[in-house]
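Read through the structure below, which is laid out as structure tokens, and then see the notes.
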């Protein structure tokens with residue numbers, strides 16, 4: 001058993017040494033693979049980061065009923081009476097325009113906006129929480145409330161959440177497509193790399209077969225070469241994605257701060273990094289296995 005593990009250890013060390021003896025060719029090959037992997041990896045992290053951020057937000061559909069600036073207390077009372085008796089409204093809240101202005105000034109750390117703007121520019125408003133969350137019911141309720149007297153506009157506050165959800169779904173599908181494309185590329189590139197190595201070492205392989213070497217013995221160094229190639233390309237891709245995140249996060253933080261939000265792209269967790277290394281290594285080994293098996297079948301046929 002010790003001899004078995006020693007042979008595998010020796011094959012792994014020799015495969016790594018072979019890669020290091022050809023630094024330029026190996027680096028170009030690894031860079032090609034890592035760039036291909038960094039694209040879906042960066043997109044995956046972006047989508048996951050935005051999804052984590054959006055999950056912390058209040059996404060309950062709400063309708064904001066903005067009154068006209070010229071509305072009187074009697075108009076507000078009429079609208080409120082309609083909202084109280086409406087069967088499709090679960091609850092509502094009145095937002096006085098003076099309270100809204102104070103909240104706006106407090107949130108932005110400024111004061112005296114009304115003086116600088118020659119009066120309060122904000123209208124009175126009602127925040128309406130509908131009883132039904134169906135898109136059709138929400139659309140009908142929005143149209144109905146828009147027709148009330150002295151109502152200037154009715155805004156569907158959660159429409160952005162639906163659009164964000166659709167964009168996240170698109171991002172996930174695109175990440176999956178790019179991931180599959182990378183998987184196929186890694187298998188094909190590894191297959192071609194190992195095939196070229198087999199052709200370069202054809203005489204060595206033929207002599208090994210003549211003295212009784214098994215297929216697993218011949219296959220082993222090529223599989224370990226592919227293993228190192230898969231692991232190193234995954235690590236390089238992780239480094240590229242981490243660098244991109246480090247560069248983008250300060251800019252993204254400044255942009256989010258303008259909207260009083262906090263948003264940052266996250267890096268891979270330990271479990272995700274382990275899965276990335278495992279999948280990349282398995283794909284590379286699969287490409288090498290296809291190349292070696294094809295050569296061994298051809299050798300047996302002759």
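This table checks each residue for (1) part of a loop (DSSP other than H, G, I, E, B); (2) over 17 Å from residue 152 (Cα atoms); (3) at pLDDT 80 or above.
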site	(1), (2), (3)
45	no, yes, yes
51	no, yes, no
54	no, yes, no
57	yes, yes, no
64	no, no, yes
78	no, no, yes
86	yes, yes, yes
94	no, no, yes
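What about residue 195, is it at pLDDT 80 or above, over 27 Å from the mean Cα position of the chain (by Cα), in the same structural domain as residue 276 (by TED's automatic domain parsing) and surrounded by 13 or more Cβ atoms within 10 Å (Cβ to Cβ)? Taking the combined requirement at face value, the residue satisfies it.
Just one of the numbered conditions (1) at pLDDT 70 or above; (2) in a loop (DSSP other than H, G, I, E, B); (3) farther than 23 Å from residue 96 by Cβ is not true of residue 149; which one? Here residue 149 clears every test but (3).
In this entry, residue 248 passes the filter for residues that are surrounded by 14 or more Cβ atoms within 10 Å (Cβ to Cβ) and at pLDDT 80 or above. Taken as a whole, the structure places residue 205 among residues that are touching a residue at least 40 places away in the same chain (Cβ under 8 Å) and either buried (at least 18 other Cβ atoms within 10 Å of the Cβ) or at negative phi (or both). Looking across 290, 275, 265, 283, one residue alone is under 16 Å from residue 44 (Cα atoms) and either surrounded by 15 or more Cβ atoms within 10 Å (Cβ to Cβ) or touching a helix residue (DSSP H, G or I) at 6+ places or on another chain (Cβ under 7 Å) (or both). It is 265. The residue list 250, 221 contains one member that is assigned by TED's automatic domain parsing to the domain that holds residue 293, over 30 Å from residue 297 (Cα atoms) and part of a helix (DSSP H, G or I), which is 250.
The values are calculated or read from the model by the stated rules, or taken from the named source; none is laboratory data. Keep in mind that this is a model prediction, so the values were computed, not measured. Ideal geometry is used to build each Cβ from the backbone, glycine not excepted, and the neighbour counts take in all protein chains shown.
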